[in-house]
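See below for the structure under consideration.
Where a number appears in this text, it was derived from the coordinates with a stated rule and is not lab data. Model, not experiment: these values are computed from the prediction. Cβ placement follows ideal geometry from the backbone for every residue including glycine, while neighbour counts extend to all protein chains displayed.
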């Protein structure tokens, strides 16, 4: 059985292909969305999902979130006295999802389709695959998120001939894909995106307002405060979409800030971010050679497209209302399950096939002869042009600059700029060559880009037939097989809270977070409830625990929704 | 008419239309495993892509315009609105709404009017504002604006062109290789040519001298003040036509050429040969020294 996993910046989901259709898998708390948060409790045991998200505010030094943004980099996240790579934190989330799927299906899971933003680079994709391996999952396929959304949408639409655009604004990344569907073929015509633009950036804008209305800048160093402010900004962002206005008050060491915002002011504030949405859209339309007016539909994916501002913008951009009927939070995971079904060659999908593209240009560095003689270095020579259908393999011949040259270095770059210094360097292959007349000793450079979006570079010397493959340089961003094995052992040694106690742990974490936020009688009340519930847990009587958990949850919900007890307000 | 290879690969004959091409491709694609048989997939893809282009062009003559990469600035296009984006329908349906062409051209006129004065930062702000406006008006309007802007830069239809060019490189993505592909004929090639010349000029040993010459012409300062500048400027104009076109309007260039041909005889005789390079001088010195030394032996 292969599962489909949407490993998101903010939330992750798992879905399976079952009984001829994609089905979402609920986690231990009964929810489809598992927050992509990992933390440790004071006993050194790992907490994943909702419980960790609650503890972000109470225990920021023991909890991590948004680590998808660092995938493929050498950045280390420190939790308590332990260091983690972003791959490892992602692996812990994947492991929790895997266990949920196993509980749902009643069979062990070893293979998965994992989604990545279409605009993820080679290093980010390799890191995602490593995360899968660390979680004990063989990654059958890395699937681009907008393509996954399109697959789910295509299943929904049936066999109609159509072309549409997927607008995928997630927690941390933005992707656009244009697709064409005919005769059961789902073809991605073009993808473009921005890896550093997502819903979290809109919340950050609101959070920053607190600093311009009374909170001193020193407060930025206070992790507990920043988490609290972030949560408040996130809530305000949602409220703005629902009610058209939002306000909150927050205090730090005696200084107070009150933030008040309506939809118009928020849109004005977010203008720089909104402007950044345009470039990928224009590029994708241009690459697909399709006019906005020719699109039959616009599909929204990613939780951030719930923002009313984004919906209005999409409507304005394309002169039509976006497609409704699919939940933007769930559509990517459903599409991953469809891909898993395709992989398992399920009968219901016999007539469906999908092709995807490489969303960026890949090339090498060359020296150019100038018009007046002389040489200029640093020019970019594309080998695979962006939005070429994958899998693809392209070869080009290059010649050494100097006749006495004994070595030729092939730099591997990703990007669209004319000069390599403005593109992303992926690595370098160096091959020895026979010195001699420059034109005889050329090299053939072959770039192969597979369906998973992973690149292989092969350089062969024409004269000798010697072949050299890409070695990613020591930028420690890449994990070797031995390192994966070592980290796998380290992760296996971590103690994880058993799935069946997760619900009660989450309740306690939420209560503790509220206790820190509340003041006065409400605080006392929550404190008493926590003490009582801990006593009940200690009794180890399952019936009693189950009954009290329900009461406890309802009581907490009542306090949270009661504006009189609204956090941070002094009675 | 024999069947082209791409149609026979798809099992079709020369009469096939778009519908048949898509259906044949879909059928063959389902029989191939992309992950394990990339070679067969690649061949099918190539056949399909060529075939689709072929059937789309069938019946309607297309004249692919050769990109202008020569040393002459591209000729002004008489009807820029036709060159937009290639897919622009020739006839817009009558509507009470403005067409993207009208919107784009109106915004361009306003932009050109506003950048008469002001420095780089003002121009950058104006351009950003114009682009933001266009986006809200119509998705196609920006392409019209961009096409028109390139044309005006190329033919000298606006002020502050060098500064506008710098700002547009940044904001319109003119530094982006494949961005050119989507631009109309000549536009991308012109930008590429300008950038190449700019690079060459900055690398060449007489770059600063040529730029001084150019500024002298732009200011219209009296030429006989710097004899050297006459020839340097002439060189610059012939060697870097695209780059120079950014700085000079056609009228300025014509006026300068007129002055150059009518320059006083004394200055004309002080042509480029007037300056003796350091290399012959050095050789001469070495030879004389050698003779002197030999004479002493």
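Quick look at the values:
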{"read-out": "Peptide A:234-244, shielding by other chains (average Cβ, 10 Å cutoff)", "value": "0"}
{"read-out": "FRET efficiency estimate (nearest 0.05) - Cβ-Cβ, residue B:155 to residue A:75, R0 41 angstrom", "value": "0.20"}
{"read-out": "Folded to 0 to 90 degrees: helix A:145-157 orientation relative to chain A principal axis, Cα", "value": "80"}
{"read-out": "Length-normalised contact order of segment A:1-158 in % [C-alpha pairs under 8 Å, at least 6 apart]", "value": "23"}
{"read-out": "Length-normalised contact order for chain A - Cα pairs under 8 Å, 6+ apart - percent", "value": "15"}
{"read-out": "Rounded FRET efficiency, nearest 0.05, which uses the C-beta distance separating residue B:106 from residue A:376 and R0 of 60 Å", "value": "0.90"}
{"read-out": "Exposure proxy ranking, count of Cβ atoms within 10 Å, fewest first, for A:18, A:407", "value": "A:407, A:18"}
{"read-out": "Sum of -39500 (n - 2.57) over DSSP H runs of 4+, divided by residues of the protein assembly as shown (222 nm, nearest 500)", "value": "-14500 deg cm²/dmol"}
{"read-out": "Fewest-first ranking of A:5, A:76, using other Cβ atoms within 10 Å as the exposure measure", "value": "A:76, A:5"}
{"read-out": "Bins of 10 Å, starting at 0 and running to the largest distance - Cα pair percent for the protein assembly as shown", "value": "2, 10, 17, 21, 19, 14, 8, 5, 2, 1, 0, 0, 0"}
{"read-out": "Gain on full stretching of the segment that runs from residue A:43 to residue A:103 - 0.36 nm per residue minus C-alpha separation", "value": "19.0 nm"}
{"read-out": "Label zone at residue A:531 (point 7 Å along Cα-to-Cβ), backbone N below 17 Å, segment A:483-511", "value": "A:511"}
{"read-out": "Förster-model FRET efficiency, 41 Å R0, residue B:171 and residue A:369, C-beta, rounded to 0.05", "value": "0.85"}
{"read-out": "Average partner coverage of A:415-424, which counts Cβ from other chains inside 10 Å", "value": "3"}
{"read-out": "Helix A:308-318 vs. chain A, principal-axis angle (Cα, 0 to 90°, nearest 10)", "value": "30"}
{"read-out": "Chain A: angle of helix A:481-492 to the longest principal axis, Cα-based, in degrees nearest 10", "value": "10"}
{"read-out": "Burial ordering of A:36, B:238, fewest other beta-carbon atoms within 10 Å first", "value": "B:238, A:36"}
